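Encoded as structure tokens, the structure appears first; notes follow it.
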Amino acid sequence: MKYFPKECILPLEELKVLCEEWKKVLGLENWETSVVIQRDHNLDSAGRCDWQNGGQKAVIRILDHIDWEKVHNGFKQDMEKTLIHELLHCKFGILDSYEVDTVEDALHEQIIDTLANALVGLKREPNVDNE
């Protein structure tokens, strides 16, 4: 199922509910997670995940929709897709053994984003015929 970006702006409480749902899907039920909506002064991307693999704790920051156009002009904000992307960082965090801004880092981000797109696409289009 192909993911087609759509605007999905959610209140914090709904993001927290979705976080718990997606944690079950991704096998992260034992993780202690916090979700916050954050202004752009500390966030230059759609989201960020600060995690501790050994402690299975994470803080997921989602860019406030007020600041979206300043950071991602021309693209639609999809907070659920960003949430999934950041949760996947928890799942694959054990593989984060390289320097930031390297080819490996870019490939890691691309793979996580592709998976997040696929998961949200499947959720939103559950009645797709398998041909």
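Summary table
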| item | result |
| --- | --- |
| Single condition residue 34 does not satisfy, out of (1) over 20 Å from residue 113 (Cα atoms); (2) touching a residue at least 40 places away in the same chain (Cβ under 8 Å); (3) among the hydroxyl-bearing types (Ser, Thr, Tyr) | (2) |
| Entirely in segment 12-113, the strands (runs of 3 or more DSSP E) that have 2 or more residues that are at pLDDT 90 or above, farther than 28 Å from residue 2 by Cβ and under 16 Å from the mean Cα position of the chain (by Cα) | 32-38, 57-63 |
| Close pairs (6 angstrom Cβ cut-off, 6 or more residues apart or separate chains): under 20 Å from residue 72 (Cα atoms) and surrounded by 13 or more Cβ atoms within 10 Å (Cβ to Cβ) in segment 1-21, among the hydrophobic types (A, V, I, L, M, F, W, C) and at pLDDT below 95 anywhere | 3/120 |
| Scan of segment 63-78 for residues that are under 15 Å from residue 44 (Cα atoms) and in contact (Cβ under 8 Å) with a residue 24 or more places away in the chain, ordered by number | 63, 64, 65, 66, 67, 70, 71, 72, 75, 77 |
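The values are calculated or read from the model by the stated rules, or taken from the named source; none is laboratory data. Since the model is a prediction, treat every value here as computed from it, not as a measurement. Cβ atoms come from the backbone with ideal geometry, glycine included; neighbour counts cover every protein chain shown.
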